[in-house]
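Below is one structure, written out as structure tokens; the observations come after it.
Computed from the coordinates by the stated procedures, all read-outs in this text should not be read as laboratory data. Source: prediction; values computed, not measured.
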Amino acid sequence: MSSVENLAAVDDALAEHFGHRPVRASMSFVGVHPIEILRFEPIPGERAYVSLGMSAQPMTAATETIQSADDPRAELMVYLRDEIDAFAQLWRQLAVLAASPAVEGVVYRVGMTVDLGTPLAQNSRCTGGVLVESAVAAVPTLAGPVEILQLLPATSTELGWGRVRGSVALRQRWAERDTDLLDLARAAVDLT
């Protein structure tokens with residue numbers, strides 16, 4: 001299966017999951033398959049931004065000298081509340097994150113924390129997040145399954161705390177404080 005067919009399968013599976021075709025944006029990076037960002041609106045006022053293009057190649061660690069077809073493939077998703085499109089430029093930072101496996105040899109996995117060091121979007125206090133399994137099932141392709149990993153947005157303070165204590169502890173703290181993880185403008189949760 002070519003990368004075009006692989007991405008088409010992922011595209012179709014996402015449209016089936018969300019029940020409609022998305023709004024699209026695209027960003028190109030030198031030497032990397034173009035990254036599209038698909039925006040779905042599952043319910044009014046909520047958005048799901050999903051990368052399409054990261055799974056064109058398997059994720060291979062920078063320390064590996066040979067890329068294996070068996071290496072994992074994935075796309076990234078961010079789910080948020082945005083009734084007035086205050087975070088509409090989120091797609092740009094998501095595209096940067098989606099290009100990282102090809103550009104920097106990053107292998108995304110569940111439990112990993114990611115920090116861009118800059119807001120995910122204008123008006124956002126979150127600079128990265130924690131990768132978790134999403135509600136979207138892995139997409140079977142002839143090249144192997146493509147996981148849809150969800151990025152739970154986090155502030156730089158939370159990410160620093162999570163790097164010391166672990167992403168599981170951070171998620172537990174969010175749950176204890178009833179943190180609204182759909183709000184990119186929220187303040188850092190109380191970590192004391």
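At 4 °C and 1.567 mPa s, grab the translational diffusion coefficient of the chain from Stokes-Einstein with a Kirkwood Rh over Cα pairs, rounded to a whole number in µm² per second.
Values: Rh = 16.9 Å.
The estimated diffusion coefficient comes to 77 µm²/s.
I'd like the projected area of region 25-112, averaged over all directions, using the convex hull of its alpha carbons. Report it in nm² with one decimal.
Mean projected area for region 25-112: 6.2 nm², to one decimal.
Kindly write out, for region 20-36 in residue order, the coupling ³J(HN,Hα) from the Karplus curve 6.51 cos²θ - 1.76 cosθ + 1.60 (θ = phi - 60°), rounded to whole Hz, with x marking Gly and Pro.
After applying 6.51 cos²θ - 1.76 cosθ + 1.60, I find 6, 7, x, 7, 10, 9, 9, 9, 10, 10, 4, x, 10, 4, x, 9, 9 Hz.
Extension gain Ser28-Arg177, at 0.36 nm per residue separation less the Cα-Cα distance, in nm? Each step should come with its number before you reach the end.
Values: separation 149, 0.36 × 149 = 53.64 nm, distance 3.92 nm.
Gain in length upon complete extension: 49.7 nm.
Could you give me the ³J(HN,Hα) list for region 97-113, computed from phi with Karplus coefficients 6.51, -1.76, 1.60 and θ = phi - 60°, whole Hz, x at Gly and Pro?
4, 5, 7, 4, x, 6, 7, 10, x, 7, 10, 6, 8, 4, x, 6, 9
Residue-wise, which Karplus ³J(HN,Hα) couplings in Hz belong to region 114-128, taking 6.51 cos²θ - 1.76 cosθ + 1.60, θ = phi - 60°, and x for glycine or proline?
Calculated HN-Hα couplings, in order: 10, 9, 7, x, 9, x, 4, 7, 4, 6, 9, 8, 8, 10, x Hz.
For Met112, which sequence-distant residues (separation of 5 or more, or a different chain) have an amide H within less than 5 Å of its own amide H, given hydrogens modelled in the peptide plane?
Correct list: Leu131.
Using modelled backbone amide H atoms (1.01 Å from N, in-plane), which distant-in-sequence or interchain residues come within less than 5 Å of Thr141's amide H?
Amide H to amide H, under 5 Å and 5 or more residues apart or across chains, Thr141 pairs with Val146.
State the dimensionless ratio Rg/Rh of region 120-192 (Rg: radius of gyration of Cα atoms; Rh: Kirkwood radius).
My calculation puts Rg/Rh at 1.06.
How much length is gained on full extension from Glu83 to Glu41, taking 0.36 nm per residue of separation minus their Cα-Cα distance?
So the chain would gain 14.1 nm between Glu83 and Glu41.
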